[in-house]
Amino acid sequence: MKIQDLDISAASKSALKSIGLTMVSELAGQNYITLINKFPKNYNIEPLIDELNALGYLLPPNNEISIYDVPMSKRLQNALIRNGVMYLSQLSSYSKEDILHFRNLGEKTILELEQICQEYNIEIRSMLSIKEYFDKYQFPSKIYPMLFQNNMSCLADFKHMTANDLYLMCQEDYILAMQTYFILKENGIVFENWRDKFIFEILPEKNAALLWKKHKISMLSQMPDCNEYTLKESLSSSNSFATAIKELLSIG
């Protein structure tokens, strides 16, 4: 059964389609927390949750404490809901700095939230230590929230990762993954092999960026009848980057 055939609003259907869910069977095993993690931060999916709950397609997560079951002011509850927080454990995925920027969260409400977190052993971490550590390596500032979410606090945390692990951690932002890859490589991090290769694993950053910009080619598998050696040789022996790429892609 297709999600488009469900008796839910057009907005909910569109939201599910935007994260790649088109079949009802793909909702199996999903709960509120797994689903909201697929959406951008601060995205209000409560109406979608309510519709799917009513039809029995989305079960609540196990062993989680709902904000509706915790005594708190209406102001705090509304602020949490507005930012997609329905279970206390979700607060750990937000940095202290992010939480302080929740709309309508004043000093009094912040103190109330801190007391609740202390009572239920919910750890609220700051992103400051991550920034202070990685700033000396000149990491792109865009990656800090992703490092926080993945509990990456030092270079050693990148050991035993593949370039694809890095790409997924960068939320499939190819340029960000490439920039981070070269910084890590310069600082002694060796990535493990995986079933494919990103172009930036093979070519210098400038050429890999150009290949992405001109042809949206990010992986070796996108280039038919081409292997790592052929790609390196063709570009190093050619005076024209464009000519070499056209020959490799058989479009010239």
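The values are calculated or read from the model by the stated rules, or taken from the named source; none is laboratory data. Every value quoted in this text rests on a predicted model; they were computed, and no experiment measured them. Methodologically, a virtual Cβ is constructed for each residue, glycine included, from the backbone with ideal geometry; neighbour enumeration extends over all protein chains shown.
A few comments on the model shown:
- Among the residues of segment 93-107, those identified as out of contact with any Leu (no Cβ under 8 Å at 6 or more places or on another chain), in a helix (DSSP H, G or I) and modelled with pLDDT of 85 or more are 96, 98, 100, 107.
- Condition check for residue 49: surrounded by 13 or more Cβ atoms within 10 Å (Cβ to Cβ), outside the structural domain of residue 87 (by TED's automatic domain parsing) and not in a helix (DSSP H, G or I): no
- Complete set of residues in segment 186-200 that are surrounded by 14 or more Cβ atoms within 10 Å (Cβ to Cβ) and part of a helix (DSSP H, G or I): 199, 200
- Only listed residue being over 19 Å from residue 116 (Cβ atoms) and surrounded by 14 or more Cβ atoms within 10 Å (Cβ to Cβ), chosen from 87, 57, 94: 57
- Within segment 56-83, the set of residues being touching an Asp or Glu at 6+ places or on another chain (Cβ under 7 Å) and either modelled with pLDDT under 90 or assigned to a loop (DSSP other than H, G, I, E, B) (or both) comprises 72, 73, 81.
- First in segment 189-205 and closer than 20 Å to residue 137 by Cα and assigned by TED's automatic domain parsing to the domain that holds residue 177, second anywhere and charged (D, E, K, R) and in a loop (DSSP other than H, G, I, E, B), Cβ under 9 Å, 6 or more apart: 189/159; 190/159
- In segment 29-65, residue farthest from residue 13 (Cα to Cα) [restricted to those that are of a type in the set (Val, Ile, Thr) and in contact with a strand residue (DSSP E or B) (Cβ under 8 Å, 6 or more places away or on another chain)]: 65
- Residue list for segment 206-232, filter: outside any helix (DSSP H, G or I) and without any contact (Cβ under 8 Å) to a residue 40 or more places away in the chain: 216, 217, 219, 223, 224, 225, 226, 227
- Search result, residues across segment 1-46 that are out of contact with any Gly (no Cβ under 9 Å at 6 or more places or on another chain), part of a helix (DSSP H, G or I) and surrounded by 13 or more Cβ atoms within 10 Å (Cβ to Cβ): 3, 4, 12, 13, 15, 16, 24, 27, 32, 33, 35
- Number of residues in segment 97-127 that are surrounded by 12 or more Cβ atoms within 10 Å (Cβ to Cβ), farther than 20 Å from residue 40 by Cβ and among the hydrophobic types (A, V, I, L, M, F, W, C): the value is 6.
- Within segment 205-225, tally of residues that are farther than 11 Å from residue 245 by Cα and not polar (S, T, N, Q): 11
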